[in-house]
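**Student:** After the structure tokens below, expect a handful of questions from me.
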Amino acid sequence: MNPLIYLRAWGDLACFTRPEMKVERVSYPVITPSATRGLLEAILYKPQFRWCIHRIAIRRPIQFLAFRRNEVKSKASRNPEPLFADEDRTQRNTLALRQVDYVIEASLVLTSLAGRTRLHPHGADEPTGDDNLGKYYGMARRRIEQGQCFHQPSFGCREFPAHFEAATAAAMHVAPELNRDSDLGLMLYDVFDLDIGDAWQAGKIEARPKITFFRAALKNGIVEVPPWSEVRKQLGGAA
């Protein structure tokens, strides 16, 4: 197994919207693997590797908070045309989580783009040389310890910022009285085929959403995330 990275992430609010809710935002009780991957990619992303989520420790009691907020009904246009929120807004209910605190156990795996000729030069913070896990693990740990990120990580919505710091395996231990063991039902795993990065980067295919789910459970304060090789079977082997 590849070396593991532990990251603690916490914040005041979070909303990991259930896809079956068409209009109102209703959060899952815990962070999803897709949102976790997005949080880690805000800290470090390179097409030469992919984040793999293994376990998520829930370190605070699961608490929901209901409120209403204004949202715009239209999507932002690619054209530089102004969008007047006062003319296009609507009120929607949100059932979010409050006072969340997670410890994430993750690792890295190289993609098929590792070792290939790059279209763009190495970044300023990336050591030159071969694409290998050791280099990327070093970059990830350094950025986590120094609090560096490409953009502010968030918990499901950009207006719910996530704070983060380095953690250890010991931080995965959760007091059993915080949350009862429970079956969380079907949970969103990801919204893309995680193996299409190679073809997408080469412009061969369009990265269209391909939603996958997994049977989630909270046991001893931890959600076990199955490997992508098992979940990908839902796509029928499609590229």
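Quick note: the coordinates plus some simple rules give every number you see, no bench work behind them. Fair warning: this is a prediction, and the values are worked out from it, not measured in the lab. Cβ coordinates were reconstructed from backbone atoms using ideal geometry, including for glycine residues, and neighbour counts include every protein chain displayed.
**Student:** Only Lys, Arg, Asp and Glu count, each charged at its Cβ (+1, +1, -1, -1), so figure out the dipole size of region 12-111 about its Cα centre, rounded to 20 debye.
**Tutor:** Taking the Cα centre of region 12-111 as origin, the dipole is about 240 debye.
**Student:** Here's a follow-up. Debye sum, Cα scatterers, the chain, no solvent: what log₁₀ I/I(0) at q = 0.13, 0.15 1/Å?
**Tutor:** Summing over Cα pairs of the chain leads to -0.91, -1.18.
**Student:** May I pose another question? Sort the following peptides by mean Cβ neighbour count (other Cβ atoms within 10 Å, averaged over residues), highest first: 111-120, 187-196, 211-220.
**Tutor:** 187-196, 211-220, 111-120
**Student:** If r is the Cβ-Cβ distance from Q148 to D101 and R0 is 22 Å, what FRET efficiency results, to the nearest 0.05?
**Tutor:** Once rounded, the FRET efficiency stands at 0.55.
**Student:** May I ask what percent, to the nearest 5, of DSSP beta bridges between residues of the chain are antiparallel?
**Tutor:** 95
**Student:** Sticking with this one: How would you rank F16, F164, going from fewest to most other Cβ atoms within 10 Å of each one's own Cβ?
**Tutor:** The most exposed by this proxy come first: F164, F16.
**Student:** So which of K22/K210; K73/K210; K73/K233; K135/K210; K22/K75 end up more than 26 Å apart by C-alpha?
**Tutor:** K73/K233; K135/K210
**Student:** Given Cβ point charges of +1 (Lys, Arg) and -1 (Asp, Glu) and nothing else, what value in debye, to the nearest 20, does the dipole of the chain about its Cα centre take?
**Tutor:** That gives a dipole near 240 debye.
**Student:** Kindly give the semi-axes, whole Å and largest first, of the ellipsoid equivalent to region 18-104, taking each as the square root of 5 times a Cα gyration tensor eigenvalue.
**Tutor:** Its equivalent ellipsoid spans semi-axes of 29, 22, 10 Å.
**Student:** Something else: Per-residue counts of other Cβ atoms within 10 Å, averaged by peptide: what ranking do you get for 82-90, 223-231, highest first?
**Tutor:** 223-231, 82-90
**Student:** Using only C-alpha atoms and all pairs of different ones, pull out the Kirkwood radius for region 133-187 in Å with one decimal.
**Tutor:** Hydrodynamic radius (Kirkwood, Cα only) of region 133-187 equals 14.5 Å.
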